[in-house]
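The values are calculated or read from the model by the stated rules, or taken from the named source; none is laboratory data. All of these numbers come straight from a predicted model, not from anything done at the bench. Neighbour counts run over all protein chains shown; Cβ positions are idealised from the backbone, glycine included. All accessible areas refer to the heavy atoms of the entire protein, side chains included, with ligands and DNA or RNA removed. Shrake-Rupley method; radii C 1.70, N 1.55, O 1.52, S 1.80 Å.
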Amino acid sequence: MVSVSNDKNSNIASSPPTGFQVIFREFIKDKLALVSLIGIILVTAYVFIMAYLFINVDEIMRVSLRDKYAAPGEKFLLGADQGGRDIFGQLVIGAKNSLEIAIGVTIITSIFGIIVGLICGYFGGWIDNIIMRIIDFFITIPSLMLIIVFVTIIPKYSQYDLVLIISLFAWPGIARLVRSKALSEGKRDYVNASKTLGTNDFIIIFREIMPNLSSILIVETTLNFAGNIGIETVLSYLGFGLPPSTPSLGTLVSYANNPLILQQYWWCWLPAALFILIMMLAINFVGQAFRRAADARQRLG
Amino acid sequence: MFMQIDNLKVHYPVRGGFFNRVIDHVHAVDGISMEFEKGKAYGLVGESGCGKSTTGKSIIGLEKITSGKIIYEGEDVTNKRRDRKSAYNRDIQMIFQDSHSAMNPRKRVQDILAEPIRNFLSLSPQEERKRINELLAIVGMPEDAKLKYPHEFSGGQKQRLGIARAIATNPKVIIADEPVSALDLSVQAQVLNFMKDIQNEYGLTYLFISHDLGVVKHMCEHISIMYKGRFVETGNTKEIFENPQHIYTKRLLSAIPEVSPIGRIERKRERVNVETHYQKEHNLSFDEKGRVFDLVPVTETHFVAASPTIKEVI
């Protein structure tokens, strides 16, 4: 038994931990990140299961004046708003919408940003010059204002339109970061070697360079995800997000604009505000653990 | 003639000024010609920054050529170099100086070795596996190395894997860009002897780029000395070492250290002599801009850069 365990130890010592092993160790060391990760997974799973299987949106959004500002209690877990609508149900549906939009935006912008960034960084030259000028253009225009303008102009928009509009302004940041990494990675000798071995450019970009940037891509995607939850909430708060009939975290928080509600009916806005706060913090903790795992100098484990 | 390089030039633009215009050029490689015969090793020696690596890289197609021609088996391949799947690209391979960074850290050895095989030879998966085992056997590595990652090997082992990858497609020419300068001396000898063995076995032509005259003397039949992007002297190994003509070559040869303490003082005196000679004759060997003169023949195979005025003296 002793010799077996020794063998195992020496095996682990001889090969430096890679990929998931490093991430796993980082989470074991950082309890806050571990708790955050488990929390995010549970909350997300709960929100999606409840929203799709158990909660009927029409029922929740039905106005019943008898329950106006009902306090948290037996009938409503977290009370009701001025239309007598269940806050808890709205919170779950709102969270589902925010998460869906954030996931959609993150996926679209990541794919597009990574592809554009890699192509710019690898080829350089005039391709890089042209695309970077386009990216500079997108970064300099005030995106929030333009999103609001778009939302106002489009007569009947849905969740999908919102995802596309937000994505339109969110990809340049990712593309820029990926480009800067691809620029240095593309000058490495293994890329030169692949060229002399007859591998074509697109295979080099996506099979050789991209896996070597995977750690930075994971980190960036996670942190962007937190930011994208924020964008949808901000738009809804300002009244330009999802259509008013759809429950949203931003709408719930915006109830706090009314001093009466802010002071007396705290249950209308506080749960949503806390939910956003805790969600964002948790995702950031997880993202930071990923970031430390990606950079050997910052690692805890 | 198997392969020929004719008046190869690689110039890089220097940009500057208000409109970022080209204001000057760096003459990394400035008009060199070489001829290769099958199965021989050609050395390219020079100080760092003289354009040796650029020469190698431009021959294989990693650098753009400003002007000049590369003729391979009677065909002008100057513009074909960058077309990755051509026969020229299959026949000419490269061994990199830093074998560690020349292998993708995310790939296993079997995928690294399979890369050229998949690109150039259409083999079935079984044949491919067989070829990889064969390659590992040639470079003397155990078969279980296939599943490992590059970082699990020592420097010498990695360099041998680099060689295995370079010979995977049965190339005819191998450009070895300082293949042993990152290794310690005992491993250098091992890798060099191994390279000689496979050269004899497969009839490879080497272009051996190095700054180490001892290594080049051991490996090559023909040596070209490079300085500031031009050849100062080119000839057989024997001619270069026994009858150096150019002051730069003489200076380079006198700088080879010798470990024997006997004759230390004489050797030092000679080095000082060569150095004063170099300073004195600098104007005779380089033109007013410091550019190396064109080559003039000394014997049939031995050429040296000399000014037209002192041509007669030699």
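A few notes on this one:
- All positions within segment A:188-223 that are buried (at least 22 other Cβ atoms within 10 Å of the Cβ) and away from chain B (no Cβ under 14 Å): A:Glu220
- B:Gly140 meets all of the listed conditions (1) more than 10 Å from chain A (Cβ to nearest Cβ); (2) surrounded by 18 or more Cβ atoms within 10 Å (Cβ to Cβ); (3) assigned to a loop (DSSP other than H, G, I, E, B); (4) out of contact with any Ser or Thr (no Cβ under 7 Å at 6 or more places or on another chain) but one, namely (2).
- Contact map, segment B:196-212: first residue open to solvent by less than 60 Å² (accessible area, probe 1.4 Å), second residue hydrophobic (A, V, I, L, M, F, W, C) and assigned to a loop (DSSP other than H, G, I, E, B), Cβ cut-off under 7 Å, separation 6 or more or different chains; pairs are B:Ile198/B:Ile167; B:Ile198/B:Leu204; B:Thr205/B:Phe2; B:Phe208/B:Cys220.
- Segment B:261-291, residues that are among the β-branched types (Val, Ile, Thr) and open to solvent by 40 Å² or more (accessible area, probe 1.4 Å): B:Ile262, B:Ile265, B:Val272, B:Thr276
- Some residue of segment B:113-121 being open to solvent by 10 Å² or more (accessible area, probe 1.4 Å) and without any contact (Cβ under 8 Å) to a residue 12 or more places away in the chain: yes
- When B:Glu258 is tested against (1) charged (D, E, K, R); (2) open to solvent by less than 70 Å² (accessible area, probe 1.4 Å); (3) part of a loop (DSSP other than H, G, I, E, B), only condition (2) is not met.
- Considering the conditions (1) of a type outside the set (S, T, N, Q); (2) open to solvent by less than 30 Å² (accessible area, probe 1.4 Å); (3) more than 12 Å from chain B (Cβ to nearest Cβ), A:Leu168 is excluded by exactly one of them, (2).
- Residue check for B:Leu253: of a type in the set (A, V, I, L, M, F, W, C), open to solvent by less than 40 Å² (accessible area, probe 1.4 Å) and in a helix (DSSP H, G or I): yes
- Here B:Thr234 meets each of (1) part of a helix (DSSP H, G or I); (2) within 22 Å of the chain's Cα centre (by Cα); (3) not small (Gly, Ala, Ser) with one exception, condition (1).
- The set of residues from segment B:122-133 being of a type in the set (Asp, Glu) and open to solvent by less than 40 Å² (accessible area, probe 1.4 Å) comprises just one member, B:Glu128.
- The requirement of being modelled with pLDDT of 85 or more, within 30 Å of B:Gln188 (Cα to Cα) and not β-branched (Val, Ile, Thr) is not satisfied by B:Asn273.
- Of the residues making up segment A:226-242, not a single one is under 30 Å from A:Asp189 (Cβ atoms), under 17 Å from the mean Cα position of the chain (by Cα) and away from every other protein chain (no Cβ under 14 Å).
- Test: residue in segment A:98-106 that is of a type outside the set (A, V, I, L, M), open to solvent by 40 Å² or more (accessible area, probe 1.4 Å) and without any contact (Cβ under 8 Å) to a residue 24 or more places away in the chain: no
- One residue alone among A:Gly84, A:Gly73 is loosely packed, with under 15 Cβ neighbours inside 10 Å and either in a loop (DSSP other than H, G, I, E, B) or of a type in the set (D, E, K, R) (or both), and that residue is A:Gly73.
- A:Arg176 surrounded by 15 or more Cβ atoms within 10 Å (Cβ to Cβ) and within 14 Å of another protein chain (Cβ to nearest Cβ): no
- Selection count, segment A:281-299, where residues are aliphatic (A, V, I, L, M), in contact (Cβ under 8 Å) with a residue 24 or more places away in the chain and open to solvent by 50 Å² or more (accessible area, probe 1.4 Å): 1
- Enumeration of residues in segment B:93-137 that are β-branched (Val, Ile, Thr), within 12 Å of chain A (Cβ to nearest Cβ) and not in a strand (DSSP E or B): B:Ile112, B:Ile117
- Within segment B:50-70, if we keep just the residues that are assigned to a loop (DSSP other than H, G, I, E, B) and within 14 Å of chain A (Cβ to nearest Cβ), the residue that is surrounded by the most Cβ atoms within 10 Å (Cβ to Cβ) turns out to be B:Gly61.
- Residue check, B:Glu47 more than 30 Å from B:Lys228 (Cβ to Cβ), more than 14 Å from every other protein chain (Cβ to nearest Cβ) and either β-branched (Val, Ile, Thr) or open to solvent by 50 Å² or more (accessible area, probe 1.4 Å) (or both): no
- Residue list for segment B:71-92, restricted to those being in contact with a helix residue (DSSP H, G or I) (Cβ under 8 Å, 6 or more places away or on another chain) and either facing chain A (nearest Cβ under 9 Å) or outside any strand (DSSP E or B) (or both): B:Val77, B:Lys80, B:Arg81, B:Asp83, B:Arg84, B:Lys85, B:Asn89, B:Arg90, B:Ile92
- Residues of segment B:184-225 satisfying the condition of being of a type in the set (Ser, Thr, Tyr), under 23 Å from B:Ile256 (Cα atoms) and assigned to a helix (DSSP H, G or I): B:Ser186
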